[in-house]
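A.B. asks: Below is one structure. I have some questions about it.
The numbers here are math on the coordinates, done by the rules we state, and not lab data. If you're wondering where the values come from, they're calculated on a predicted model, not measured in any experiment. Note that we place each Cβ from the backbone using ideal geometry, even for glycine, and neighbour counts take in every protein chain shown.
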Amino acid sequence: MESLLRYRGREVSAAEVELIGRLIAEHPQASRRRLSQLLCEAWGWRQPNGTLCDMVCRGLMLALERAGHIDLPAVRQVNGNPLAKRGAQRKRPGLPEIDTNPLVAELCRVQPLLIRQVRRSAEESLCNGLIERYHYLGYCQPVGEHLKYLAYALDRPIACLVFSSAPRHLGSRDRFIGWSQEARQRNIRYLAYNTRFLILPFVRVEHLASHLLGAVARRISRDWETLYGHPVYYLESFVDPGRFRGTCYRAAGWHFLGLTTGRGKDSQSKRANRSLKEVLGYPLIPDFRQRLGEVGP
């Protein structure tokens, strides 16, 4: 089957372009958004949680129009791009009042710890504010699927962890998993990337960080499936060796896989334009390679 366009891993054939053309002709009053919804329904193109992939579909249709394959109706409404307002113009998370008295104790003295998944809950703003105030990178809104965890000890917050969708291309990780390009494109959603890990600076509890990593690893797949309709099989993170040694990850059983190239995803050259990071990974199930390497229907 001849492909006229490849968009985000999907090959679009001439027959499918013809279907889109008929769809546009049969619904002359439909907006671009409505057309993308109709096309998703016709293709059965849904996310694992059942939601239509209409945003991706709209991008695909726009790419087809730019390539001269279809004619879309005129744009009816222009919405501001919130991503363009990030940075100085974006409202930073506020910091609620918390107990900042030093907490110095042995791990056994502060247990049982309470770990809550706070994404889409009233506590999410507290997690965001703590990261903005106390993490050296500050808060950045994760893109795509993501979870946020708040850990409490003695009725006070002590740590935050954020996991998001994994980078699509990561050489050392891809070689470690051993999956094909097709399998990676199909199964990248089963990976979660630890974007932020914060132990509040006034908390001094030995072995706390590795303990939290282990506790979250035991539950994150269930939490991910609850929110997004599918599990995760593998966790990964980056560690800046110029700042940290990654001891807590290694103590929790994470493996060193290699170094990043030092190039961002939008880099136009092969030269490093940022510091190299250590890539650490943690399989959640024994047969992760088999699961992630599947390319079946």
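A.B. asks: Helix 14-26 against the longest principal axis of the chain: what's the angle in degrees, Cα atoms only, rounded to the nearest 10?
C.D. replies: The angle comes out at about 80 degrees.
A.B. asks: Would you calculate the separation in nanometres between label points at Val75 and Ile98, each defined as 7 Å from the Cα along the Cα-to-beta-carbon direction?
C.D. replies: Roughly 4.0 nm, to one decimal.
A.B. asks: Between helix 32-43 and the chain, what is the angle of the helix's C-alpha long axis to the longest principal axis, kept within 0 to 90° and rounded to the nearest 10?
C.D. replies: Its long axis makes an angle of about 90 degrees.
A.B. asks: Where does the range 140-297 land on Rg(C-alpha)/(2.2 N^0.38 Å)? Before the final figure, lay out the partial values.
C.D. replies: Values: Rg = 16.1 Å, N = 158, 2.2 N^0.38 = 15.1 Å.
Ratio of Rg to 2.2 N^0.38 Å for the range 140-297: 1.07.
A.B. asks: Could I ask something else about it? Relative to the first principal axis of the alpha-carbon coordinates of the chain, what is the inclination of helix 54-66, with its axis defined by its Cα atoms, in degrees from 0 to 90 and to the nearest 10?
C.D. replies: The two axes meet at around 50 degrees.
A.B. asks: With each label point set 7 Å from Cα along the Cα-Cβ vector, what nm distance links Thr226 and Ile285?
C.D. replies: 1.9 nm
A.B. asks: Rounded to the nearest 20 debye, what is the charge dipole size of the range 95-292 about its Cα centre when +1 sits on each Lys and Arg Cβ and -1 on each Asp and Glu Cβ?
C.D. replies: Numbers: 29 positive and 18 negative charges, 153 e Å.
Using Cβ point charges on Lys, Arg, Asp and Glu, the range 95-292 gives about 740 debye.
A.B. asks: Hey, another quick one. Provide the per-residue ³J(HN,Hα) series for the range 119-132, in order, calculated from phi with Karplus coefficients 6.51, -1.76, 1.60 and θ = phi - 60°, each as a whole number of Hz, with x at glycine and proline positions.
C.D. replies: Each residue of the range 119-132 in turn: 4, 6, 10, 5, 8, 4, 5, 5, 4, 4, x, 5, 5, 4 Hz.
A.B. asks: Calculated FRET efficiency, Arg120 and Val56, Cβ-Cβ r, R0 25 Å, to nearest 0.05? Kindly include the intermediate steps, with their values, before the conclusion.
C.D. replies: Numbers: r = 22 Å, r/R0 = 0.87.
After rounding to 0.05, the efficiency reads 0.70.
A.B. asks: Between Ala42 and Gln29, what is the spin-label point distance in nm, taking each point 7 Å from the Cα along the Cα→C-beta axis?
C.D. replies: 1.9 nm
A.B. asks: Between Rg and the Kirkwood Rh of the range 122-204, both from Cα atoms, what is the Rg to Rh ratio? Please report the intermediate quantities before stating the final value.
C.D. replies: Working: Rg = 15.6 Å, Rh = 14.4 Å.
Over the Cα atoms of the range 122-204, Rg/Rh equals 1.08.
A.B. asks: A further question on this structure: For a quick check, take a GNM of the chain with Cα springs below 10 Å and name the residue from His169, His230, His27 with the largest mean-square fluctuation.
C.D. replies: His27
A.B. asks: Hey, another quick one. May I ask you to sort Asp287, Asp174 by Cβ crowding, counting other Cβ atoms within 10 Å and putting the fewest first? Present the calculation step by step, with values, prior to reporting the outcome.
C.D. replies: Values: Asp287 10, Asp174 17.
Final ranking by Cβ density, sparse to dense: Asp287, Asp174.
A.B. asks: Along the Cα-to-Cβ line of Glu206, 7 Å from the Cα, sits a label point; which residues in the range 229-256 have backbone N less than 20 Å from it?
C.D. replies: 245-253
A.B. asks: Another question, if that's okay. By how many nm would the segment from Arg168 to Tyr152 grow when fully extended, if each residue of separation counts as 0.36 nm and the alpha-carbon distance is taken off? Kindly include the intermediate steps, with their values, before the conclusion.
C.D. replies: Details: separation 16, 0.36 × 16 = 5.76 nm, distance 3.28 nm.
Taking 0.36 nm per residue and subtracting the Cα distance, the gain is 2.5 nm.
A.B. asks: Contact order normalised by length for the chain, with contacts defined as Cα pairs under 8 Å and 6 or more residues apart; what percent is it? Before the final figure, lay out each step's value.
C.D. replies: On the way: 416 pairs, mean separation 42.0, N = 297.
Answer for the chain is 14 percent.
A.B. asks: Write down the Å³ per residue value for the convex hull defined by the alpha carbon atoms of the range 19-65. Walk me through the intermediate numbers first.
C.D. replies: On the way: hull volume 3.1 nm³, N = 47.
Output value, Cα hull per residue: 66 Å³.
A.B. asks: With a Förster radius of 22 Å, plug the Cβ-Cβ distance of Ala15 and Val295 into 1/(1 + (r/R0)^6) and report the FRET value to the nearest 0.05. Each step should come with its number before you reach the end.
C.D. replies: Details: r = 22 Å, r/R0 = 1.01.
E(calc), rounded to 0.05, equals 0.50.
A.B. asks: Sticking with this structure for a sec: Please identify the longest segment of the chain free of exposed trypsin sites (Lys or Arg not before Pro), where exposed means a DSSP state other than H, G, I, E or B and no more than 10 other Cβ atoms within 10 Å. Display every interim value, and only then the final one.
C.D. replies: Details: sites that count: Arg76, Lys91, Arg120, Arg243, Arg245, Lys265, Lys270, Arg271.
Value returned for the longest uninterrupted segment is 121-242.
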